[in-house]
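Following: one structure in structure tokens, then a few remarks.
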Amino acid sequence: MSTFVLVPGLWLGAWAWDAVAEPLRAAGHTVHAVTLTGLAERSGEAGPEVGLETHIADLTGLVTREDLWDVVLVAHSGGAVPVTGAADRMPERIRRVVYVDSGPIPDGVALSDLWEPGYRARLEESVVDGQRLPLPSFEDLRASGTSLDGLDETALARFREQATDHPARAVREPLHLTGGGEELAKALISCSFPLEQVRAMIAAGHPFFAALAGPEWELRELPTGHWPMFSRPTETAAVLAELAALPES
């Protein structure tokens, strides 16, 4: 059995993983779903000082506090940034890093640096009090190329109702890496892009995909929208369990 640490993307808390954690726990796995500082039930902890380093410390602190080893560290979407940072800081505790419709962030890069300039400008304009980034409209997400496939009106309404403003500093703050996590086993679960397209972009040296070319990577496809924990949770759990069972290299 494996130990999973599940990290959600922007605007989400541990609640987003409920339907994934349930089948994993039923199969005997240990699951820690994370709410990062300033989000969901921890929204009262938000403040201008909450940034990427805070969220990395959330993860390293959990792993240390719970004395977790051989961890399968899972990042959805924007959760890739603190996950990449945490894996870099304590690689000896990590068995595999799994990126769900996301990928590793290079040293010195902030999440907002990866956004298309127009989308980035619109999100910056929406920031409240200089520190809180609200969930954009679903229309704006679609326009930015984010797939909402598999989410019906009920799922979208729940998403909107339970989402919380994300600490803006966490998306603006560059990630600083030591290289400690470079050789860890890694995996991609691609939802928005067919693997054929992903492999073509790896081969072409696309800056967002070139890092996935190494032998430490396993690639999986789960066709759905950008939030598979909502649209295909049982299948998401099954792919995570499959990846956790693979040898490390």
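A few remarks follow.
- Taken over region 197-221, residues that are buried (at least 19 other Cβ atoms within 10 Å of the Cβ) and part of a loop (DSSP other than H, G, I, E, B) amount to 1.
- Pairs meeting the criteria (first residue in region 108-135 and basic (Lys, Arg), second residue part of a helix (DSSP H, G or I), beta carbons under 7 Å, at least 6 apart or on different chains) are Arg120/Ser112; Arg122/Asp140; Arg132/Ala168.
- Filtered residues of region 88-117 (kept if of a type in the set (Gly, Ala, Ser) and out of contact with any Pro (no Cβ under 9 Å at 6 or more places or on another chain)): Ser102, Gly103, Ser112
- Criterion violated by Trp115 - all others in (1) of a type in the set (Phe, Trp, Tyr); (2) under 18 Å from Pro167 (Cβ atoms); (3) crowded, with 21+ Cβ neighbours inside 10 Å satisfied: (3)
- Hits in region 142-157 - residues which are within 21 Å of Gly13 (Cβ to Cβ) and free of Cβ contacts under 8 Å to residues at least 24 places away in the same chain: Thr154, Leu156, Ala157
- Within region 225-249, being at pLDDT 90 or above, hydroxyl-bearing (Ser, Thr, Tyr) and surrounded by fewer than 20 Cβ atoms within 10 Å (Cβ to Cβ) holds for one residue alone: Thr234.
- Of the helices (runs of 4 or more DSSP H) lying entirely inside region 18-135, the ones with 1 or more residues being farther than 20 Å from Thr146 by Cβ are found at 18-26, 52-65, 80-89.
- Test for Asp70: is it among the charged types (D, E, K, R), touching a residue at least 60 places away in the same chain (Cβ under 8 Å) and buried (at least 19 other Cβ atoms within 10 Å of the Cβ): no
- Checked against the criterion of being in contact with a strand residue (DSSP E or B) (Cβ under 8 Å, 6 or more places away or on another chain), among the hydroxyl-bearing types (Ser, Thr, Tyr) and crowded, with 18+ Cβ neighbours inside 10 Å, region 22-30 has no qualifying residue.
- Single residue of Ala40, Ala57 found to be surrounded by fewer than 21 Cβ atoms within 10 Å (Cβ to Cβ), without any contact (Cβ under 8 Å) to a residue 12 or more places away in the chain and within 17 Å of the chain's Cα centre (by Cα): Ala57
- Positions within region 113-150 being at positive phi and over 19 Å from the mean Cα position of the chain (by Cα), in sequence order: Asp129, Gly130
- Among residues of region 157-189 being within 22 Å of Arg42 (Cα to Cα) and of a type in the set (A, V, I, L, M), the one that is surrounded by the most Cβ atoms within 10 Å (Cβ to Cβ) is Ala170.
- Some residue of region 172-188 being modelled with pLDDT of 95 or more, over 20 Å from Leu6 (Cβ atoms) and part of a helix (DSSP H, G or I): yes
The values are calculated or read from the model by the stated rules, or taken from the named source; none is laboratory data. This structure is a prediction, so every number in the text was calculated from the model and none was measured. All Cβ positions, glycine included, derive from the backbone under ideal geometry; neighbour counts span all protein chains shown.
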